[in-house]
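The values are calculated or read from the model by the stated rules, or taken from the named source; none is laboratory data. Keep in mind that what you see is a predicted model, and the values were worked out from it rather than measured. Backbone-built Cβ (ideal geometry, glycine too); neighbour counts: all protein chains shown.
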Amino acid sequence: MKRKILQGRYLYHIFEEIGSGGASIVYKASYEDRDSNTQICAIKKLKNNPACNHSEPLPPEEIEKRFRLEIKALKKLAENQQIPNLIDCFKTPNHFYIVLEFIEGIVLSEDLIPEQPWDEIETVLFLEDTLKTLSCIHQLNLIHRDINPNNIIKRKKDNKMVVIDFGYVYTVNKPDQCSLPIPRNTVRIQVPGYTPSEVIHGQPQISSDIYSIGTIAIQALTGMTIEQVKKEREQNNNELILRRLLP
C-alpha cells in the first residue's frame, strides 16, 4: 500500500495510525533531516469536529486557536526532557498538523493491570517523576487538563514517564489562581474517573492535573480498575480512604 506523504518543513512519510482521541489522530511517520538521516516522528492531525460539550462542529477559527495554543505551550516546554520535542507544525487547506518527537515505550494504560498492584517504591517513583514534569508545566502557568494513563508513556530507554498530548492545554493568570471560565464553544474534556469536576464544568485549576495523577497512583497501588475507583468515590461522598483499598 502506498504511504501517504505530507509536506511541511520536511517531507513526511506516514506509516500507520498509532492513536486517536477526542481532538486528534496521531500517526507514526519518518522524514530525512538536513543531514540526510532518517528520523522517526509522530504526526498529530487535529480533528475538524472534536468531541466537545455541544453537537455543532467547532468553527475553523476555534480549531486554529487550539492549534496555536498547543504549539505555544510545546515551545515553552522545549527544555523539559519528559515532554516530546516539537519538530514542525503546518496546515493544509483542510487540516492542522503538529510533528513531534516519537517516544518509544509503553503507554501507561497498558501497564495498569487489574488485580496486579505496583509496589510502594514503584508508585512513589511514578509520582516523583510525573509531579516534577507537572511542576514544570504549572510554573509556566499552564494546565494540561487531560492527564490520564493514555497520555503518559513509560519511555523504553530509561523508564522515565513522558507526558504527551497538550491538545487541551489551558493558561491561567497566576500559578495559584483558577483560570477564567472557558468560553462556551471551547472543547471540554471528560475522561471518566480521571477528570475532576472543575475541569468538566470549564473552570480548571492547577490542582486539577494533580487530582488526575493521584487517581492514577491509586489505581497503581491498589490494582483497582478506574470503574472500581469511581464506584468507591461515589459510595464515600467523593472521598477515598486509601488504607481500606490496599491489598
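Per-residue answers, yes or no, for (1) over 30 Å from residue 110 (Cα atoms); (2) among the small types (Gly, Ala, Ser); (3) at pLDDT below 90; (4) surrounded by 19 or more Cβ atoms within 10 Å (Cβ to Cβ):
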position: 1; (1), (2), (3), (4): no, no, yes, no
position: 16; (1), (2), (3), (4): no, no, no, no
position: 23; (1), (2), (3), (4): no, yes, yes, yes
position: 31; (1), (2), (3), (4): no, no, no, yes
position: 38; (1), (2), (3), (4): no, no, no, no
position: 43; (1), (2), (3), (4): no, no, no, yes
position: 54; (1), (2), (3), (4): yes, no, yes, no
position: 70; (1), (2), (3), (4): no, no, no, yes
Checklist entry - Just a yes or no: is a residue in the range 193-202 surrounded by fewer than 20 Cβ atoms within 10 Å (Cβ to Cβ), among the aliphatic types (A, V, I, L, M), part of a loop (DSSP other than H, G, I, E, B) and modelled with pLDDT under 95? => result no
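Could you tell me whether residue 148 is modelled with pLDDT of 95 or more and either of a type in the set (Gly, Ala, Ser) or within 14 Å of residue 209 (Cα to Cα) (or both)?
For residue 148, the condition - modelled with pLDDT of 95 or more and either of a type in the set (Gly, Ala, Ser) or within 14 Å of residue 209 (Cα to Cα) (or both) - is met.
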